[in-house]
Amino acid sequence: MEYSQDNSLEILLSEEEIIARVSRLGEEISRDYANVDDLVLVSVLRGSVYFVVDLSRCLTVPFTLDFIGINKYGNTKDSMGIVRITKDLDVNISGKNVLLLEDIVDTGLTLNYLLKNLRTRNPLSIRVCIFLDMPGRRIVDVPVDYRGVEMQDVFVVGYGLDYQERYRNLKYIAALKKD
Ligand code: IMP
């Protein structure tokens with residue numbers, strides 16, 4: 001692979017470890033939603049796509065899949081990490097049970113914005129499932145119902161996560177040492 005000789009990458013989570021954690025999440029969610037109708041998985045573009053593809057294939061309950069696209073500017077509480085929706089949902093989530101899927105929660109600003117936005121659409125319920133959690137970098141408190149892995153404060157790439165649009169396609173998650 002193009003990046004295999006890239007010594008600025010330090011592998012933190014192997015492909016096998018990712019698969020194991022995603023399938024455990026899938027079992028948990030399938031159990032919790034076994035008797036729930038109208039489940040809508042909302043995947044946040046673009047980072048969560050890899051996670052959603054794997055997780056959704058581990059689910060044994062019916063669901064509708066939809067995507068929401070965002071751009072985030074700023075990373076402080078004052079700027080409130082201004083988020084702009086670049087692609088809205090196609091599905092009407094009013095009266096539906098929404099499971100919001102994110103690749104990583106870091107400051108929490110993006111998730112906080114998304115939850116506020118989605119709640120105005122009157123879903124019956126809304127829960128949050130994330131693959132990576134970095135609680136040490138939180139600026140705003142956000143509810144997380146399902147989490148794959150908790151990590152220390154490092155910048156990570158792979159499994160959908162990018163640095164300037166690179167590294168998304170890595171099958172593992174690695175810390176990126178930026179020069
Ligand atoms: P938050 O708003 O700070 O919680 O960050 C959410 C978004 O920032 C994620 O959906 C990612 O797109 C991006 N992000 C945050 N931390 C990282 C990281 O360590 N690597 C790659 N992207 C990140």
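Could you please let me know if Asn35 is assigned to a loop (DSSP other than H, G, I, E, B), more than 16 Å from the ligand (Cβ to nearest atom), over 26 Å from Val154 (Cα atoms) and at pLDDT 95 or above? No; evaluated as a whole, the condition is false for this residue.
Go through segment 38-67 and count every residue that is assigned to a loop (DSSP other than H, G, I, E, B) and within 16 Å of the ligand (Cβ to nearest atom).
Number satisfying all stated conditions: 3.
The test for being open to solvent by 60 Å² or more (accessible area, probe 1.4 Å) and in contact with a helix residue (DSSP H, G or I) (Cβ under 9 Å, 6 or more places away or on another chain) does not hold for Arg31. Among the residues of segment 1-27, those identified as in contact (Cβ under 8 Å) with a residue 24 or more places away in the chain and open to solvent by less than 60 Å² (accessible area, probe 1.4 Å) are Tyr3, Ser8, Leu9, Leu12, Leu13, Ser14, Ile18, Val22, Ser23, Leu25, Gly26.
The values are calculated or read from the model by the stated rules, or taken from the named source; none is laboratory data. Note that this is a predicted model, so its numbers are computed, not measured. So basically every Cβ, Gly included, is an ideal-geometry build from the backbone, and we count neighbours across all protein chains shown. These accessible areas exclude ligands, DNA and RNA; they are computed on the full protein's heavy atoms, side chains included. Shrake-Rupley method; radii C 1.70, N 1.55, O 1.52, S 1.80 Å.
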